[in-house]
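Participant: Got a structure here, written out as structure tokens. Questions coming.
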Amino acid sequence: MKKISLLTFLTVLTTLASYAQSTDIEMAEGLRSSGKIWVVVLVLLTIMIGVFFYLFTIDRKVTKLEKRNS
């Protein structure tokens, strides 16, 4: 019972703390106004596609090795 009440208290506390923060992010507003946010999105998308491609190729190689050793 103590664990549940402590978890509930911490959840409420973190929720209230998130409401206390301001929602104005100056850096994001500056990037949006100048149009550079799309450059950031493109770079992140490129990195994520590269990571997924790398993981896919590693998975295929591991699967091949597992089939060969079975």
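Participant: List the pairs whose first member sits in region 30-42 and is in contact (Cβ under 8 Å) with a residue 60 or more places away in the chain, whose second member is in a helix (DSSP H, G or I) and open to solvent by 90 Å² or more (accessible area, probe 1.4 Å), and whose Cβ atoms are under 6 Å apart, counting only residues at least 6 apart or on separate chains?
Facilitator: Close Cβ pairs satisfying both conditions: none exist.
Participant: So, of the residues in region 33-70 that are open to solvent by 90 Å² or more (accessible area, probe 1.4 Å) and not in a helix (DSSP H, G or I), which turns out to be modelled with the lowest pLDDT?
Facilitator: Top of the filtered list is SER70.
The values are calculated or read from the model by the stated rules, or taken from the named source; none is laboratory data. Quantities reported herein were computed from a predicted structural model and do not represent experimental measurements. Note that we place each Cβ from the backbone using ideal geometry, even for glycine, and neighbour counts take in every protein chain shown. Accessible surface is based on the protein model in full, side chains and every heavy atom, while ligands, DNA and RNA are left aside. Shrake-Rupley method; radii C 1.70, N 1.55, O 1.52, S 1.80 Å.
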